[in-house]
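Let me begin by presenting the structure, written as structure tokens, before commenting on it.
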Amino acid sequence: MRDMALFAVIRLVLWVGIWWLLTLFDVGLLLAAALAALIAMLISILFLDRLRSSAAMRWKAADERRRARKGQPVDPDADAEDAVLDEDAADGEDLAGDEADDADRGTGPARGE
């Protein structure tokens with residue numbers, strides 16, 4: 001968490017510094033803010049990659065530890081739901097076969113009735 005906070009503070013200070021420099025050149029407040037955000041983003045991507053990567057790796061490790069501690073999610077009704085879905089799938093195959101037979105004979109919904 002400390003790495004992410006440091007990364008955020010560095011980016012904020014970088015943005016404020018660039019914004020202040022651009023306002024000294026009478027660029028305008030809103031344009032200076034937009035340009036400062038763009039320049040600060042590019043600088044942070046180019047030069048702060050190691051800090052950003054270390055912060056991301058710490059978050060990833062913490063997330064993996066949390067998942068390992070929490071374990072796999074347990075669904076007590078999973079077997080019953082799977083049985084219902086399997087029955088529906090089997091019924092759907094039977095209905096599809098019946099409709100194909102009706103179409104071959106010229107009866108049923110395939111004929112436009």
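The values are calculated or read from the model by the stated rules, or taken from the named source; none is laboratory data. Predicted model only: the values in this text are computed from it and were never measured. Neighbour counts run over all protein chains shown; Cβ positions are idealised from the backbone, glycine included. Only protein heavy atoms, including side chains, enter the accessible area calculation; ligands, DNA and RNA are left aside. Shrake-Rupley method; radii C 1.70, N 1.55, O 1.52, S 1.80 Å.
Note on residue 9: accessible area approximately 80 square angstrom, rounded to 10, probe 1.4 Å, nucleic acids and ligands left out.
Residues 57, 41 ordered from highest to lowest accessible area at a 1.4 Å probe: 57, 41. Per-residue surface analysis assigns residue 88 an accessible area of about 90 Å², computed on protein heavy atoms at 1.4 Å probe radius.
Would you mind classifying the range 45-89 by shape? Square roots of the alpha carbon gyration tensor eigenvalues, ordered a ≥ b ≥ c; an a/c under 1.5 is rounded, otherwise it is prolate if a/b is larger than b/c and oblate if not.
Working: a/c = 10.70, a/b = 2.86, b/c = 3.75.
Oblate shape, in that a/c is at least 1.5 and b/c is the bigger or equal ratio.
Take every pair of alpha-carbon atoms less than 8 Å apart whose residues are at least six positions apart; their mean separation over the length of the range 10-99 yields a relative contact order of 21 percent. For the residues 2, 58, 52, a 1.4 Å probe over the protein chains yields an accessible-area ranking, largest first, of 2, 58, 52. The chymotrypsin sites (Phe, Trp or Tyr not before Pro) of the range 11-80 meeting both criteria, a DSSP state outside H, G, I, E and B (loop) and at most 16 other C-beta atoms within 10 angstrom of the site's C-beta, are 25.
How large is the accessible surface per residue of the range 1-97, computed with a 1.4 Å probe and reported in Å² as a whole number? Walk me through the numbers on the way to the answer.
On the way: 7920 Å² over 97 residues.
It amounts to 82 Å² per residue over the range 1-97.
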